[in-house]
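The values are calculated or read from the model by the stated rules, or taken from the named source; none is laboratory data. These numbers were taken from a predicted model, which means no experiment stands behind them. In this analysis, Cβ positions are derived from the backbone assuming ideal geometry, glycine residues included, and neighbour counts consider all displayed protein chains. All accessible areas refer to the heavy atoms of the entire protein, side chains included, with ligands and DNA or RNA removed. Shrake-Rupley method; radii C 1.70, N 1.55, O 1.52, S 1.80 Å.
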Amino acid sequence: MARNSTTGDLKRLVEDLSQRLSVLEAEADIRRLQARYMMLCDTPCPEPDVSTDDERIERIVELYAPDAIWEGVGEFYDNQFGRRIGHDAIRAHFQAFWGEKRDPALVLNVHYLTSEQIHVSGEEAEGQWVHCQPWIFSDGSSLLRSSRLNNAFRKIDGVWKIARTRTENVFVAPLRSGWAEKVPTTSVLMRQSA
């Protein structure tokens, strides 16, 4: 009798550990997915082998589920970003951002994520972050932007994809001109060394 009880206990323990491991793996996959998205949005783009904004945009779109939503909400982002549904609309959103050359030009934009929470439920998950992002422009002007993210993720054919990006502004603050004196024009960090 004791042997059957021990075998049953061991089986339950293995099932419990397997479930907990699956959640940890999902959290790690989602964390990497969100970080990759943010890195692809950085300027200059550190992703190796991305030489044009069109290539960058396609890599971003590949991170999304086909029916995904990208939306800005709240009093600052409703009118600035709106709501986009599906690959074509999300692609158009990023083409409008990078496709239009602005004066002054954006020369540096880096995304920092903090206050992470990831909640996995089987093949779906939600994640929340606080995001800070310095922007530096070619005329020397700069700003610091912060927003909250409430994103959804879905596993499709064994791969986690972004099902929703939802962002709300926390603040936008001007930064003193010249606070960052030198800014790289390209990133070589992730390129293979010769």
From the options Q133, Q128, residue that is at pLDDT 95 or above, closer than 13 Å to I30 by Cα and touching a His at 6+ places or on another chain (Cβ under 9 Å): Q128
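Quick one: which strands (runs of 3 or more DSSP E) lie wholly within the range 104-194 and hold at least 3 residues that are over 26 Å from P48 (Cα atoms) and over 20 Å from the mean Cα position of the chain (by Cα)? I'd like the intermediate steps shown before the answer.
Numbers: elements: 106-109, 112-121, 124-137, 142-156, 159-175.
Result: 159-175.
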Long-range neighbours under 9 Å by Cβ, at least six apart or interchain, first residue in contact (Cβ under 8 Å) with a residue 12 or more places away in the chain and closer than 23 Å to R148 by Cα within the range 86-115, second open to solvent by 40 Å² or more (accessible area, probe 1.4 Å) and in a loop (DSSP other than H, G, I, E, B): L106/S138; L108/V183; L108/P184
Qualifying residues in the range 24-54 (those that are of a type in the set (D, E, K, R) and open to solvent by less than 70 Å² (accessible area, probe 1.4 Å)) - the one farthest from the chain's Cα centre (by Cα): D53
Residue within the range 144-163 that is farther than 20 Å from Q34 by Cα and at pLDDT 95 or above present: yes
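Condition check: loosely packed, with under 15 Cβ neighbours inside 10 Å and at pLDDT below 95. Does T186 satisfy that?
Answer is yes for this residue.
The rows are residues; the columns are (1) open to solvent by 50 Å² or more (accessible area, probe 1.4 Å); (2) free of Cβ contacts under 8 Å to residues at least 24 places away in the same chain; (3) closer than 17 Å to V73 by Cα.
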| site | (1), (2), (3) |
| --- | --- |
| Q133 | no, no, no |
| S146 | no, no, yes |
| F153 | no, no, no |
| W160 | no, no, no |
| T165 | no, no, yes |
| V170 | yes, no, yes |
Residues of the range 27-42 classified as more than 17 Å from A65 (Cβ to Cβ) and either in contact with a Leu (Cβ under 7 Å, 6 or more places away or on another chain) or assigned to a helix (DSSP H, G or I) (or both), total: 7
